[in-house]
Amino acid sequence: MNNTTTNTTEANDTAAGATAQHLDLLDAVTPEQVSDAIKAAGAAVTTIEQNGVVRLHSASHGVGFQVLWGNPVTTTQYTDFTLSCPLHVQGGTLPEAVLASWHRTKRFARVAQHGDLVVLEMDVVVAGGVSPAYLSFAMRLWMQMMGEFFLHLRNYGPAAETRGDAANGAAVARGEAAAA
């Protein structure tokens, strides 16, 4: 009998703790909360109000990005947003293989080409509830994705193919020498 009372009390304490944790979850975010998360990830943020909507601009790896708001709950709260980094491609467009290679090898961030612009984007959804720590993690992940995309662009192309062919050729030559 005493054991049942203890188990019921523990269950009630656990439920109360879960309710307290649920109260700390974000079902929607404000520009201030997203700005704080970007700052927590180590970047500065510029806030610009345009037509009554707060716009956030920041940078990572020396390249700017912006926050595009998704579904509004109120005029200052959103259930989702997109981190967007538009890049101007000098001299035309990127080969489709560059984008296809990115999508085959990476998750979390997508790339789209619009004329001479290539846009790296990552959606962040808070609907259903996320912790403030998750929001900060999403910003660090975004900054990592930006760095990996810039590296992907730098390593892709004729120069990278030549380096790869030269390395493969050297390995083949070493393999032939070892076989002889």
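The values are calculated or read from the model by the stated rules, or taken from the named source; none is laboratory data. Every value quoted in this text rests on a predicted model; they were computed, and no experiment measured them. So basically every Cβ, Gly included, is an ideal-geometry build from the backbone, and we count neighbours across all protein chains shown. Just so you know, the surface numbers come from the protein's heavy atoms only, side chains and all, with ligands and any DNA or RNA stripped out. Shrake-Rupley method; radii C 1.70, N 1.55, O 1.52, S 1.80 Å.
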| field | Search result, residues across segment 122-134 that are free of Cβ contacts under 8 Å to residues at least 60 places away in the same chain, outside any helix (DSSP H, G or I) and open to solvent by 40 Å² or more (accessible area, probe 1.4 Å) | value | D123, V125
| Residue, modelled with the lowest pLDDT, within segment 16-49, restricted to residues that are loosely packed, with under 14 Cβ neighbours inside 10 Å and part of a loop (DSSP other than H, G, I, E, B) | D24
| Filtered residues of segment 99-155 (kept if in contact with a Cys (Cβ under 8 Å, 6 or more places away or on another chain) and charged (D, E, K, R)) | E121
| task | Restrict the check to segment 97-107 and report whether at least one residue is in a strand (DSSP E or B) and either touching a residue at least 24 places away in the same chain (Cβ under 8 Å) or acidic (D, E) (or both). | result | no
| Exclusive hit being in contact with a Phe, Trp or Tyr (Cβ under 6 Å, 6 or more places away or on another chain) and at pLDDT below 95, set V124, V89, V172, V98 | V98
| message | Please pick out the residue among G52, G92 that is open to solvent by less than 50 Å² (accessible area, probe 1.4 Å), of a type in the set (G, A, S), more than 16 Å from the chain's Cα centre (by Cα) and on the phi > 0 side of the Ramachandran plot. | response | G92
| Considering residues of segment 66-89 that are closer than 22 Å to R140 by Cβ and of a type in the set (A, V, I, L, M, F, W, C) only, the residue surrounded by the fewest Cβ atoms within 10 Å (Cβ to Cβ) | L68
| note | Given the conditions (1) modelled with pLDDT of 95 or more; (2) open to solvent by less than 60 Å² (accessible area, probe 1.4 Å); (3) not β-branched (V, I, T), every one holds for A160 apart from (1)
| Residues in segment 102-118 that are within 16 Å of L151 (Cβ to Cβ), open to solvent by 20 Å² or more (accessible area, probe 1.4 Å) and not charged (D, E, K, R): how many? | 3
| field | Residue satisfying all of: in segment 55-77; over 18 Å from Q144 (Cβ atoms) and hydrophobic (A, V, I, L, M, F, W, C); nearest to the chain's Cα centre (by Cα) among these | value | L68
